[in-house]
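Please read the structure below before turning to the comments.
The values are calculated or read from the model by the stated rules, or taken from the named source; none is laboratory data. Given the structure is predicted, the values throughout are model-derived calculations rather than measurements. Every residue, glycine as well, gets a Cβ built from its backbone with ideal geometry; the counts of neighbours run over all protein chains shown.
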Amino acid sequence: MSDRPYTPLLDTVDTPDDLRKLDKSQLRQLADELREEMIDAVGQTGGHLGSGLGVVELTTAIHYVFDTPTDKLVWDVGHQCYPHKILTGRRDRIRTLRQGGGLSGFTKRAESEYDPFGAAHSSTSISAALGFAMANKMQARPGRGIAVIGDGAMSAGMAYEAMNNAEQAGNRLVVILNDNDMSIAPPVGGLSAYLARMVSSSEYLGLRTMASKLARRMGRRVWGGLEKAEEYARGMVTGGTMFEELGFYYVGPIDGHNLDHLIPVLENVRDSEQGPVLIHVVTKKGKGYAPAENSADKYHGVAKFDVVTGKQKKSTGGPPAYQNVFGETLAKLAESDPRICAITAAMPSGTGVDKFAQAHPDKAFDVGIAEQHGVTFAAGLAAEGMRPFAAIYSTFLQRAYDQVVHDVAIQNLPVRFAIDRAGLVGADGCTHAGSFDVTYLATLPNMVVMAAADEAELAHMTYTAAEYDDGPIAFRYPRGGGTGVEIPEQLEKLEIGKGRVVREGSKVAILSLGTRLEEAKKAADQLEAKGLSTTVADMRFAKPLDTDLIEKLMRSHEVVVTIEEGAIGGLGAHVLTYASDEGLTDNGLKVRTMRLPDTFQDQDDPMKQYDEAGLNAPHIVDTVLNALRHNSAGVEEARA
């Protein structure tokens, strides 16, 4: 045992320039310290843990070998980027992850020059890296595009679209396939590491190039035969034939945690003229932290936790999460309706489809990160008489909008869209916020759009959607726990396009869509205390509108306020259009719309986000009072 004192290395590394000053023999120690730093930080903040732990060595090796930020490093999805952030000048802020005013949980251009491309949705990295590579090539500037993409993200067609167009980039494009789950790799060990080093070496590539030129001169038949022989020989050993067909030079698989294997291969690729290159590395999610390694989900996403025990500090008790209400309700409905089936795009637990799958495994489909396919698959199921529920986060359904329009709405097929994560989502920030779904769905002919005010309403809407066969229907609900209302045993089939009045008044009417209903009730209490009699209506439907209810309230109240957890173009816009068309505002009626602001809001506590958006009870009260101040009677009444 050495008597030499232990000297921390991570304290000496603020940027990759510092990292590249270290000796290769020091990188193992640095990676270990980096892993410990990440575990400690996420223990305090919560966030994505397992994926980052799996790429500690890979992150270290990439920044050591390549010239970042001149070489543009693009992390697919970006949830594994915490080690990258620590090594790129953000270690002093790493304990602000996913908090208001702190670091984003994903890559973000505004944060650092080392984040050349923001990401939080999957399968965009190769396209972006190709863009960087070609831009530099066309401008005769140095700089590669380096994409790190997980095997899960390779289930999306966009990754292959990019690879199919990558050949022109040549050696300026490097794709690193981080394989931490799929079984596409043969056993990884000394032999495969040796082969990877060999086929990426300058000697091999030089010999390969020389042999290619010679074979070409000998004739097309000889060249074609040798090319096929080499391709299939390497394909049998490495599994890379598919990538070769797409125009990539395949290297791997190699152990993504062995720096002695990683560094030489990355250096060979960096120094070669061969390209584009795909390097296949095999890693383990949660690597180096026993609680994560032993967990079924590898601690993919965690709350704050005790670093020693790994025990997460999750809140216990309280109302059920909305996604679980949906999943359990759908599973119960399917017991008596064999036509019901569920589709999710790689988010079974996040959408509650896992609950359905436990009860009905043959009728639950996880299509992977392939929302476009999932929606059209649902359309096919619906066309053949099934009752499919496409359970997709609002932010991810955006990725399949053409399919919603072309394959579902135009054909008026009864696909049921269960839209999770509606509204603002807290720590995940703007990339995951469900801000636009009402706007982009309610504009479509044939579409029905509902929004649940609480968990009981969600259960009713799930039942209503199951029974609706006249065309596509969508219902949205937020992230997190409900309000605590009891879900009735006997569910109600809602009348399409009809809202409900939950509180009667005479001067002010608040038309709420979604879970702002509780804030609307609080605002009504405060307005009543000021002598302003207030009606509160839960509209339930953004499309079709309850025009009878809207007209009744507009003709009997002085101020009408709409409120929703979505961007402009939703409920408020539709109500205003109807009121204008019918002349309901001609007699001095004051209509105000409250919606999300025209900005992308950063991560924060959800209540603070809605404060920033101006959609909590005090903001409703202020909106009403400001509207009343436009006439003298309103001023006096407001002051009273």
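General observations
- Residues in the range 506-557 that are among the β-branched types (V, I, T) and farther than 23 Å from G588 by Cβ: T515 alone.
- Where strands (runs of 3 or more DSSP E) fall wholly inside the range 339-426, the ranges with 2 or more residues that are touching a residue at least 40 places away in the same chain (Cβ under 8 Å), among the aromatic types (F, W, Y) and crowded, with 24+ Cβ neighbours inside 10 Å are 387-393.
- Out of L278, L266, sole residue that is within 30 Å of Y160 (Cβ to Cβ) and either outside any strand (DSSP E or B) or not assigned by TED's automatic domain parsing to the domain that holds K24 (or both): L266
- Residues of the range 272-292 classified as surrounded by 17 or more Cβ atoms within 10 Å (Cβ to Cβ) and either under 30 Å from G482 (Cβ atoms) or free of Cβ contacts under 8 Å to residues at least 60 places away in the same chain (or both), total: 2
- For the range 1-25, the tally of residues that are touching a residue at least 12 places away in the same chain (Cβ under 8 Å), exposed (fewer than 15 other Cβ atoms within 10 Å of the Cβ) and either in contact with a strand residue (DSSP E or B) (Cβ under 6 Å, 6 or more places away or on another chain) or part of a helix (DSSP H, G or I) (or both) stands at 1.
- Among the residues of the range 53-74, those that are closer than 19 Å to A41 by Cα, among the aliphatic types (A, V, I, L, M) and assigned to a helix (DSSP H, G or I) comprise L53, V56.
- Candidates G100, G105 - the one that is touching a residue at least 40 places away in the same chain (Cβ under 8 Å), within 18 Å of F600 (Cβ to Cβ) and buried (at least 24 other Cβ atoms within 10 Å of the Cβ): G105
- Evaluating V77 against the criteria (1) crowded, with 24+ Cβ neighbours inside 10 Å; (2) in a helix (DSSP H, G or I) leaves one unmet condition, (2).
- Flag if S122 is at pLDDT 85 or above, surrounded by fewer than 24 Cβ atoms within 10 Å (Cβ to Cβ) and under 29 Å from the mean Cα position of the chain (by Cα): no
- Some residue of the range 476-498 being among the polar types (S, T, N, Q), touching a Ser or Thr at 6+ places or on another chain (Cβ under 8 Å) and assigned to a loop (DSSP other than H, G, I, E, B): yes
- Candidate set: the range 138-157, residues that are under 18 Å from P69 (Cα atoms) and surrounded by fewer than 24 Cβ atoms within 10 Å (Cβ to Cβ); chosen: the one farthest from the chain's Cα centre (by Cα): A140
- Single residue of the range 502-517 satisfying the filter (within 19 Å of N626 (Cα to Cα) and among the β-branched types (V, I, T)) that is surrounded by the most Cβ atoms within 10 Å (Cβ to Cβ): I510
- Boolean, A529 is buried (at least 16 other Cβ atoms within 10 Å of the Cβ) and either in contact with a strand residue (DSSP E or B) (Cβ under 8 Å, 6 or more places away or on another chain) or more than 28 Å from S394 (Cα to Cα) (or both): no
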